[in-house]
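Notes to accompany the following structure.
Read-outs: derived from the displayed coordinates by stated rules, not from any lab. Nothing here was measured: the structure is a model prediction, and the numbers come from that model. Positions of Cβ are backbone-derived with ideal geometry, glycine not excepted, and every protein chain shown enters the neighbour counts.
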Amino acid sequence: MKKNSPEIHAIIPARSGSKGVKNKNIRKINNKELIGYTIETAKKIKLINKIIVSTDSKKIKKISEKFGAEVPFLRPLKFSKDSSTDLEVFKHYLLWLKKNKKKIPTLIVHLRATTPFRSEKKIIKAIKLMLRRKNASCLRSFKYSDFSPYKMWTYKKKYEVRPVLIYKKKIESHSLSRQELPKTFNHIGIVDVIRPEKTILQNSMCGNLVVPLVFKNKDLKNYIDIDTKADLKKARLIKS
């Protein structure tokens, strides 16, 4: 690493508990543990200085270290529940760094183990965008929404509904054509890049200025976010 170059850490959260697929993060896809795909991708990116797996499991720790990641602690159970948030996990990591008198990184690359098939070129692009946009709090990966939220409705009270969003006052957004409405995006789990001083240290995962990295359908041919047994079965049919 060059002198004065930014410190960039990748964090891969991987708790042991998973209701949809038991031991999901270490289930095998084509003879390789799921988490291994993400670690191997991160290792190809020279901009990343450290690859950290945050887990509560000794078994996941052992497998992660086999693939070359660092597991410097076991995450406390209170931050490893179904209800635990990303913010709690990332704050725990920064607190660990502080307690051990280690430098807070300039950027944290959030890589989810449940999204095994990624292009390292896209991750590099995301990191470089954040290095250029020094005022940005984070970058998130998105795809275009299949259905506009401006055409969605929700309950106001029993037997009465109202639009979820209003595009412009005094205009019925739900009746406008798709072309007349703003483009909207769904957050996807390919890569997020976080500037801690503007996010986690401010009790937020995204902060005030979010840079989008929008993936088109052609870029998502092998994209999958494994949450169910059906997803796992589908992933095993994908040639990475």
Checking rank on 150-156, 48-54, with mean other Cβ inside 10 Å and highest first, the result is 48-54, 150-156
Between the residues Ile26, Leu47, Tyr37, the Cα farthest towards the positive end of the dipole of the range 1-64, that dipole coming from +1 and -1 charges on the beta-carbon of Lys, Arg, Asp and Glu, is from Ile26
With -39,500 (n - 2.57) per DSSP H segment of 4 or more residues and division by the full residue count of the chain, the 222 nm estimate, nearest 500 deg cm²/dmol, is -7000 deg cm²/dmol
Given the candidates Ile166, Phe117, Ala136, the one whose Cα lies deepest towards the positive end of the charge dipole of the range 100-240, counting +1 at each Lys or Arg C-beta and -1 at each Asp or Glu C-beta, is Ala136
For 107-119, 196-208, ranked highest to lowest by mean beta-carbon neighbours within 10 Å, the order is 107-119, 196-208
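I want the local charge near Asn208. Using Cβ-Cβ distances under 15 Å, sum +1 for each Lys or Arg and -1 for each Asp or Glu among the other residues.
Numbers: positive: Arg133, Lys134, Arg140, Arg195, Lys198; negative: Glu197.
Taking every other residue near Asn208 into account, the sum is +4.
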For the chain, whose charge dipole is built from +1 on Lys and Arg Cβ atoms and -1 on Asp and Glu Cβ atoms, the candidate among Ser204, Leu97, Ile224 with its Cα farthest towards the positive end is Leu97
Taking placed amide H atoms and a strict 5 Å upper bound, the residues 5 or more places from Ile224 or on another chain that come that close are Phe117
In the list [x] 19.6, 64; [y] 17.1, 55; [z] 18.0, 57, the entry giving Rg and Dmax of the Cα atoms in Å computed from the coordinates is [x]
Scoring only Lys, Arg, Asp and Glu (+1, +1, -1, -1) among other residues with Cβ under 14 Å from the Cβ of Phe142 yields +2
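With 26 Å as the limit, write out which pairs from Lys22/Lys216; Lys81/Lys158; Lys61/Lys99 have Cα-Cα distances beyond it, or answer none. Intermediate results must be reported in sequence, preceding the final value.
Details: Lys22/Lys216 32 Å; Lys81/Lys158 34 Å; Lys61/Lys99 21 Å.
Going by Cα-Cα distance, Lys22/Lys216; Lys81/Lys158 fall outside the 26 Å limit.
For the chain, what's the relative contact order in percent, using C-alpha pairs closer than 8 Å and at least 6 residues apart? Let's see the in-between values first.
Working: 406 pairs, mean separation 55.1, N = 240.
In percent, rounded to a whole number, it is 23.
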Highest mean packing first, using Cβ neighbours within 10 angstrom, the peptides 87-94, 128-135, 175-182 sort as 87-94, 128-135, 175-182
Highest GNM mean-square fluctuation among Glu172, Glu120, Glu40, for the chain with Cα springs under 10 Å, belongs to Glu172
